[in-house]
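Chemist: One structure, as structure tokens, below. Some questions next.
Values quoted throughout were computed directly from the atomic coordinates according to the rules given, and no laboratory measurement underlies them. Keep in mind that this is a model prediction, so the values were computed, not measured. Here Cβ is always computed from backbone atoms with ideal geometry, including for glycine, and neighbour counts include all displayed protein chains.
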Amino acid sequence: MPTIRQLSPSVVNKIAAGEVIERPASVVKELLENSLDAEATRVDVVVEKGGADLIRITDNGCGIRADQMQLAVASHATSKIADAKDLFHVETLGFRGEALASIASVSRLMLRSRPADCEAGAELEVVGGRVEPIRPVGCSLGTAVEIRQLFFNTPVRHKFLRTTSTEMGHITEAVTRLALAHPEVHFSLTHSGRQVHDLPPVEDPRERVAVLFGQEMADGLIEIDNRDDVIRLQGYVANPSQSRGNNRWQYLFLNGRHIRDRSLQHALSEAYRGLLLTGRHPICFLHLEIPPSTVDVNVHPTKLEVRFQDSGAIYSQLLGALRAKFLTTDLVAQGTVPEQSTTTDSESETAHVKLDASELFDWAKRQLGGPHRQEFSSGDLDSRGLPRSGSAGSLHLHDVSLPTVGHDAPPVPSSLSAIEDKIEFGERSRLEPPVECVPVPHGPQPALQIHNRYLVVETEEGLEVIDQHALHERILYETLRDKVLGGAIESQRLLVPEPVDLASSETAAIIENREILRLLGLEVESFGGDTILVSAYPAMLSNFSPLDVVQSLAEQLQNEGNQTESRDLLDDLMHRIACKAAVKYGDRLTSEEVNALLQQRHLAQDHHHCPHGRPTTLVFTCQQLDRQFKRI
Ligand code: ADP
Ligand code: MG
């Protein structure tokens, strides 16, 4: 029979240390939090060998009286809460009363402190949990905690210490988080005699971002300030032209505490949907203030995670605030665009997505709910979203309201340039030799199509280079999205349904997602075997054969991999349709088409990014050009 025994305080502390003190950076975090709770206005962090040899944190806070010092290093001893109900009114960073005891149990800790009302200070040493007698000592106001030989008595932990630079990276991150949360406090960080950061107090938090993340990042920040009766959301998010391959630069603070919260990170990604390339993550420095009684901070040993009473409300507020802000912000990419890597969709089995109408409805409401929405008037546009009147527009006019009978005629060529070339070649070849660069009149501003890919437009400030496909795709995507969400999708109805033979995986993908496809104007039913019957398909794709359309959508469905959210699927299918219907990279456009495209771009809520998040437009100001040409 095993014997049950009470563990000694030193073992208890070591167990607690195992949870809270994972590495030197955890010590730095805990000690900095104590300094901030002591209302220090200056905190200096000195580290040797990535914290393995020494961590010294000195503050000018309220200090600890000599007669309280032993309690400070005892476990479950704190000045921050008194009883259980206080747990729901925590306004300090610490409250568990475990940090000093845990750290002291796995290191040599020296605590020196002098409160403002004491003539002399006191000093207390704890070696591996053994507390030495208190000694009086002369020291300046505030508290200094010195940790030497971390994990000297826990060899297993010691073995897990990584290289000095890795540990130092974690320490720098710990300082960064608290420095961002408290711009009013002076922080410094010194490693092996070299100053890593000196961060004097600043009034504008952007200055702190500038020092820690560079001026360019700070200059591109978009301010968010949104409050309701209980929640205040305030801070900055980065312009979509700046993003990261991971989500580590998403700094979320809750009542001054850095937190990680998957739901809020999701809200952030949703807000940037369509603004960032796949695989890229937004950057933010956001502070959330909510009544402490509406959040439980006691769910995680290092308090990195919290539990909100109403996380849905916070999610909506974050998403809504960012969306509203983006709609009123010019998110144009400036000059050179940083290289961004794309990640390929994972190839896995076709998703079994069930259409959840209420979820889609919610999503639709959110999509349409922006306060500054512009209404599309698509009556004047043809199936490609280009104008119905005018020579170029009429080249590919399809009256989508009239049903067509079957598809006996060969499919209309998919490329706009192919049609144009046929019609215009004779005339144009007589008048002018085919040239790569064609200046085209565009109202008062001249627009130039270059290499059948880009449109160059003169603007008041300088010039813009527009990716013709990306811009057209964006406009079509938004038009389509509005129609789909408004339940007013135009479809090309076939009087005689057309049988289409597909690969069996394609058939399965199409039939499984029939309901979502119907929202997009594609109506299909199974015809036995791998044949499906198409009775209607999206009018926007009326230039393509039903086979081509169905195959393309099946391909998208198969690409979705483990995509499980029907709204994501619907969105991706809309991207696919817009991409397919848009003028291509390489299509020669007539001047009327160029003009039509440029005129329509203001119809799109975000004409600066294609639906995949690539920029549609690059802006070069005269000032930038002058600088590049060394005129200024
Ligand atoms: P907690 O922060 O959860 O209360 P700690 O073990 O970190 O627990 O600290 C124990 C107590 O020691 C704190 O409640 C606080 O009263 C005191 N203390 C620790 N560090 C400082 C400091 N830098 N300045 C003033 N008091 C401190
Ligand atoms: Mg503490």
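Chemist: With the crude spin-label approximation of a point 7 Å out along Cα→Cβ, what separation in nm comes out for Glu19 versus Asp530?
Modeler: Inter-label distance under the simple model: 5.7 nm.
Chemist: To the nearest 0.05, what FRET efficiency results for Thr166 and Asn246 with a Förster distance of 25 Å applied to their C-beta separation?
Modeler: Details: r = 16 Å, r/R0 = 0.64.
Calculated transfer efficiency: 0.95.
Chemist: Which order, highest average first, do 1-9, 299-307, 222-230 follow once you tally other Cβ atoms within 10 Å for each residue and take the mean per peptide?
Modeler: In descending order of packing, they fall as 299-307, 222-230, 1-9.
Chemist: Under the definition of Cα pairs under 8 Å and six or more residues apart, what whole-number percent is the relative contact order of segment 133-284? Mind showing how you got there, number by number?
Modeler: Numbers: 151 pairs, mean separation 23.2, N = 152.
Normalised by residue count, the contact order of segment 133-284 is 15 percent.
Chemist: A further question follows. Note the full-extension length gain between Leu547 and Cys622 as 0.36 nm times their separation in residues minus their Cα-Cα distance, in nm to one decimal. Each step should come with its number before you reach the end.
Modeler: Numbers: separation 75, 0.36 × 75 = 27.00 nm, distance 4.87 nm.
Once the chain is fully extended between Leu547 and Cys622, it gains 22.1 nm.
Chemist: Multiply the residue gap between Glu458 and Ala488 by 0.36 nm, knock off their C-alpha separation, and tell me the result in nm, one decimal place. It would help to have the intermediate numbers written out before the result.
Modeler: Numbers: separation 30, 0.36 × 30 = 10.80 nm, distance 3.69 nm.
Taking Glu458 through Ala488 to full extension adds about 7.1 nm, to one decimal.
Chemist: At R0 = 51 Å, how high is the FRET efficiency between Leu327 and Glu48 if r is their beta carbon distance? Nearest 0.05 is fine.
Modeler: On the way: r = 51 Å, r/R0 = 0.99.
For Leu327 and Glu48, the calculated efficiency is 0.50.
Chemist: Given 0.36 nm per residue, what is the gain on full extension from Tyr585 to Ser8 after removing their alpha carbon distance, in nm? Don't skip to the end; give the middle numbers.
Modeler: Details: separation 577, 0.36 × 577 = 207.72 nm, distance 7.25 nm.
Extending this stretch completely gives an extra 200.5 nm.
Chemist: So for segment 60-211, averaging the separation of alpha carbon pairs under 8 Å that are six or more residues apart and normalising by length, what relative contact order in percent results?
Modeler: Numbers: 241 pairs, mean separation 26.9, N = 152.
About 18 percent, as a whole number.
Chemist: Could I ask something else about it? Which FRET efficiency, nearest 0.05, do Ile450 and Phe629 yield, Cβ-Cβ r, R0 25 Å? Write out the running numbers ahead of the final one.
Modeler: On the way: r = 20 Å, r/R0 = 0.80.
Taking R0 as 25 Å, the efficiency between Ile450 and Phe629 is 0.80.
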